[in-house]
1. Tell me the label-point distance for the pair residue 113, residue 44, using the 7 Å Cα-to-Cβ offset, in nm and rounded to one decimal.
2. Leaving out ligands and nucleic acids, note down the accessible area per residue over the chain with a 1.4 angstrom probe, in whole Å².
3. Suppose every K and R has +1 on its Cβ and every D and E has -1 on its Cβ; what is the size of the dipole of the chain about the Cα centre, in Debye to the nearest 20?
4. Of all the accessible heavy-atom surface of segment 1-114, with the other protein chains kept in place and a 1.4 Å probe, what percent is carbon and sulfur?
5. Full-extension gain between residue 75 and residue 62, please, as 0.36 nm times their residue separation minus the C-alpha to C-alpha distance.
6. Pop out the Kirkwood hydrodynamic radius of segment 1-112 from its pairwise C-alpha distances, inverse of mean 1/r, in Å to one decimal.
Amino acid sequence: QVHVVESGGGLVQPGGSLRLSCAASGKIYRIDTMGWYRQAPGRQRELVADISGDYTTNYADDVKGRFTISRDNTKNTVYLQMNRLMPEDTAVYYCSVVASTAVDYWDRGYWGQGTQVTVSL
């Protein structure tokens with residue numbers, strides 16, 4: 001089993017910044033893609049950004065130029081630096097990790113519990 005834990009959410013004013021962190025732990029053999037999704041009230045969960053094992057990044061159009069995803073493989077951690085935040089960014093942010101374990105070496109997807117980001121005056 002792989003455990004995924006997010007941190008770093010909170011309340012920030014429009015134009016401000018936040019940095020989210022997500023750490024994966026457990027009997028991990030290899031981590032492939034790591035990513036961030038978000039879900040606002042009444043909306044479906046959507047991809048914000050992800051980063052592959054070879055560090056290729058992918059962003060949703062509405063966060064390009066404002067958000068930066070990065071990862072530290074020595075810590076099994078992915079980060080999301082969010083700048084110039086807007087009220088429309090308000091949502092619960094979820095971390096997604098695709099990893100294989102030392103049990104059977106099959107890739108599976110794992111989710112964190114989510115962290116609230118609120119952008120408001």
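The values are calculated or read from the model by the stated rules, or taken from the named source; none is laboratory data. Keep in mind the model is a prediction, meaning the values are calculated, not measured. Backbone-built Cβ (ideal geometry, glycine too); neighbour counts: all protein chains shown. Areas reflect the complete protein model, heavy atoms only, side chains present, ligands, DNA and RNA absent. Shrake-Rupley method; radii C 1.70, N 1.55, O 1.52, S 1.80 Å.
1. About 2.8 nm separates the two model spin labels.
2. Normalised by residue count, the accessible surface of the chain is 54 Å².
3. About 220 debye.
4. The C+S portion of the solvent-accessible surface of segment 1-114 is 49 percent.
5. 1.8 nm
6. 14.3
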